[in-house]
Every structure is written in structure tokens, then in C-alpha cells.
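Undergrad: One structure, as C-alpha cells, below. Some questions next.
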Amino acid sequence: MTIRSKITAGALAVKQVFFSIRDAVAYRGAQDPLKDITVNHGDVRGGCNPRVDAALQLSTVWACVRLISGAVATMPLMMYERTVTQGRDTRTIARGHSLYYLLHDSPNADMTASEFWTAVTARVLMRGNAYVFKTYNGAGRLVSLDPLDNDRMRDPYRDENGVIRFEYTTPGGIKRYTDREVWHLKGFSEDGLVGLSVIGVGWRSMVGAQNVAKAASELFGKSMKPDAVLSTKELLTLDQREQMQKKLMGSLFGGEGHRMMLLEATDYKQLTISPLDAQMAQQLGLSVEDLCRFFLMPPSMIGHGTAVSNWGTGREQINLGFLQYVLDPILVQVQQSIGKNLLTPVERLRYYAEFSREGLLRADSAGRAEFYSKMVNNGLLTRNEVRTLENWEPKEGGDDLTVQSALIPVTLLGKSTIPAPKIPEENNAPAD
């Protein structure tokens, strides 16, 4: 290949990357007033489309999505290579693979790995689907992963040839892609093609929680003064009505600190029921538990419940259950999706991706010390491997596996179990 042809090929590759990224992030920085969380966006069920922005104003939904997506983002995603050492299958970190940097450090020019996985996981949790645009260089190597806006993506479908198609709206019109260009991550699905939106499925519970919160807000906004009417037995003149409107009604339904005196033959009747009769506190608690079920979240994980349920001896088991039943299904789905959508069939035989879960299982100092002691004393970890897990520098002589030899046969009590060194044969020869 001549120098001119190489320059031309390189320019085309740069142009391809530029326009692909431009299409992927065309609206990333656009200001959308519908996504301003400082605005009350009304009901979760707005028309025919579930309102994600309104659902996030529910503290339970916000806490569940924030906790799960944040937990996934804190776990490093590693690329491993399967190798065979001395006839045994082992694995090594594949730092040389192109996906290692994208998945572990920075998937694109604008986001860190933590920001990327937070956004992707939040979209899967809320909308049931996340779409990522894949950008390749001229050599066919994956160089960027850019999240796409769900609001501009039509649900994927199969064409007459069985190919999955994606239609994405951009400023230049509708772009049509296949799974070669778009990485589709799905949540819970009943057909395996499109994930179900939690907001769409659970909108009735969210509207109920929204109504309870709205009623509580309005009640406290009126200084806990319920709606009521004043009735009189006699017909009042215009002057009497005006005086009652200014003095009596203002004291009863106005601001705080007013004193009032009912006129003779005036009857006060309350229209709304009291918060105690409405069991408002219980309804607020039940709405939290109901919304947590849609995310499989233990309520105590988001601060709901008593101090006994939030902290104490059972906290470790709650964290373990959170990892097993809430996070693991998401992690396994992402790992398998990476192998299917980002690796070639040949690479799948050699490479695979896996989240490092050790960070969430990290115990306190005493628990880690006991664990490391058992692993080292039984010859399962070296001392330098333990130091690496604690981010300490290795020490000389710490790479050997050691075991305890305290348990010995009774017949060897009082005797040394260390074999005597062998004496060279020339030293055993008789002296002349």
C-alpha cells in the first residue's frame, strides 16, 4: 500500500469515527425542559407514555435507582483471557484487549466508566432498555461506546429477513441501524427482544404514592388546617357576611398564630377527614414498601424501617441478599451481553468480561484479617497476594505458599518433623 493510499484510508477512518460519534451524541448536551427535576412534572402516567421524570420525584424510586446503579458502577468490569498453565485452566487479566480500556476506564471521550455504567443501569431499571452506539475505526476495532437517547429510539423489531432493526431520530432524520452498530441492553423481558419498563408496569402504584405525597404536602402547606364550612341559622346581611369573611374566615383558614371566636348560632363542620383517620403515615410507609417490590429492593437498604432493621447483626446478610438477588441478575445479564454483542465468535472462546464483586463483599478489618489468616495458613493465598488485595507493596519472600503443620501423628511427638539435610557422598568417604 502506497503512502497516499494509507493517508486516504486514515482520513476516511477518522471521518467515519467523527460522524458516528456526532450522530450518537447529537442531543447529549441539549437542554430539555421536560427533564428539569426542579419542575413538578405532574402525574407519572402522562397521556400514553410513562413519565420517568415525574417518577424520579418519588423519593423511593430515586433511592432505588440511585443505589442499584451506583453499586453496579462501583464494581470494576474486567476483561479476562482463558489460558492453560501446566495442564490447568487459568485466567489472566486481558489488559491488551481493546475492550479492557473501554469497559474498565472510559467508554467514550466524554464519560468515565463509572458515569457510563450509572447511566446505562439507570435506563435499564427505569425504562427496561438501554441503547449504546458502537463506533469502529478503519481497521474494524471498537473504539467508542456512546449511550443513545431512549426517547428518540423506536422499539427494535425484526424485519422480513429476521434481522433486528433499530430506528433512531437525529437532527438529520431517521437513522436505521442493526445490532452491528447498536448494543441493546435489556431488563426483564417476556419476549427477549424488548425490556419492560418498570415505570410503565408499576405506574398505578407510583400514581398512588404520588397522590399520598401530594395530599400530605397540601395538608402541611395549609398549616394542618382541614377544609371546613361555617353555617349560621339566620340569614346574614351583606355587612355581616363581609365581617365574617374578613375576621372569622381569615382567622380560621388564614396563616398561623390567629385567634378566633365563633359567633352565636354559628356551626363549624369539617369536610376533610383528619390525617389520623386517613392513616396518612401508614399509607406513606406502605407506598415505600410497594415501590420497593418493583426493584426487588429491601426497604431497609434505602433507610425505611426501624433502627433495628437498618443496622445491627443482620446488616451483613441484607447486603449479601442485595448482591445475590438484586445486583447479580443485572451483572450476569451485562456480562453475557458483552460476550454476545461486543466480542466476535472467535474472541468468545478466549475472552470474557466479569464484574469484580469483591468490593461489595469487603468486610471490616477484623473480618478481613481472619479470612486472610485462614487462606494463608491453608496454603490458598500467598502473603504477597494478601498485600495486593489490601493495596500494600509486596515483600521479599512473600510469594511462597505456606501451611500450618501443627497436627502431626502421636508417634512423632517430641521429634523434629524437618528432614535432616543430605550429606554429599564425597564427605562420607573414610579418611586415609
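The values are calculated or read from the model by the stated rules, or taken from the named source; none is laboratory data. Owing to the predicted nature of the structure, the values given are computational and were not obtained by experimental measurement. No Cβ is skipped: glycine too gets one built from the backbone with ideal geometry, and neighbour counts run over all protein chains shown.
Undergrad: Within the stretch 177-197, can you find the residues that are exposed (fewer than 12 other Cβ atoms within 10 Å of the Cβ) and either in contact with a Leu (Cβ under 8 Å, 6 or more places away or on another chain) or more than 24 Å from F294 (Cα to Cα) (or both)?
TA: Within the stretch 177-197, R180, E190 meet the criteria.
Undergrad: Restricting to the stretch 112-169, name every residue that is of a type in the set (V, I, T) and in a helix (DSSP H, G or I).
TA: Within the stretch 112-169, T118, V120, T121, V124 meet the criteria.
Undergrad: If I go through the stretch 287-307 residue by residue, how many of them are touching a residue at least 24 places away in the same chain (Cβ under 8 Å) and of a type in the set (S, T, Y)?
TA: 1
Undergrad: Which of (1) β-branched (V, I, T); (2) at pLDDT 90 or above; (3) crowded, with 17+ Cβ neighbours inside 10 Å does T60 not meet, given it meets every other one?
TA: T60 satisfies all of (1) β-branched (V, I, T); (2) at pLDDT 90 or above; (3) crowded, with 17+ Cβ neighbours inside 10 Å except (2).
Undergrad: If you take the residues in the stretch 58-108 that are out of contact with any helix residue (DSSP H, G or I) (no Cβ under 9 Å at 6 or more places or on another chain) and among the basic types (K, R), which one is nearest to H304 (Cα to Cα)?
TA: Result: R91.
Undergrad: Take R165 and tell me if it is more than 19 Å from M126 (Cα to Cα), surrounded by 12 or more Cβ atoms within 10 Å (Cβ to Cβ) and without any contact (Cβ under 8 Å) to a residue 24 or more places away in the chain. Can you show your working first?
TA: Numbers: more than 19 Å from M126 (Cα to Cα): yes; surrounded by 12 or more Cβ atoms within 10 Å (Cβ to Cβ): yes; without any contact (Cβ under 8 Å) to a residue 24 or more places away in the chain: yes.
Spelling it out, R165 is indeed more than 19 Å from M126 (Cα to Cα), surrounded by 12 or more Cβ atoms within 10 Å (Cβ to Cβ) and without any contact (Cβ under 8 Å) to a residue 24 or more places away in the chain.
Undergrad: Could you grab the pairs with beta carbons closer than 8 Å, sequence gap of 6+ or different chains, first residue in the stretch 394-419 and assigned by TED's automatic domain parsing to the domain that holds T382 and farther than 12 Å from T382 by Cα, second one surrounded by 10 or more Cβ atoms within 10 Å (Cβ to Cβ) and at pLDDT 80 or above?
TA: From residues that are assigned by TED's automatic domain parsing to the domain that holds T382 and farther than 12 Å from T382 by Cα, the pairs are Q404/N377; Q404/N378.
Undergrad: Considering every residue within the stretch 210-221, establish whether at least one is over 26 Å from the mean Cα position of the chain (by Cα), at pLDDT 65 or above and either acidic (D, E) or not in a helix (DSSP H, G or I) (or both).
TA: yes
Each row is one residue, and each column tells you yes or no for (1) modelled with pLDDT under 75; (2) under 25 Å from Q336 (Cβ atoms); (3) touching a Ser or Thr at 6+ places or on another chain (Cβ under 8 Å); (4) basic (K, R).
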position	(1), (2), (3), (4)
V163	no, yes, yes, no
Y168	no, yes, no, no
W183	no, yes, yes, no
G192	no, yes, no, no
S205	no, no, yes, no
K225	yes, no, no, yes
E242	yes, no, no, no
L252	yes, no, no, no
G255	yes, no, yes, no
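Undergrad: Another one. Is it the case, given these coordinates, that T135 is closer than 29 Å to L349 by Cα, of a type in the set (S, T, Y), loosely packed, with under 15 Cβ neighbours inside 10 Å and modelled with pLDDT under 95? Let's see the steps before the verdict.
TA: Details: closer than 29 Å to L349 by Cα: yes; of a type in the set (S, T, Y): yes; loosely packed, with under 15 Cβ neighbours inside 10 Å: no; modelled with pLDDT under 95: yes.
Against the criterion (closer than 29 Å to L349 by Cα, of a type in the set (S, T, Y), loosely packed, with under 15 Cβ neighbours inside 10 Å and modelled with pLDDT under 95), T135 does not qualify.
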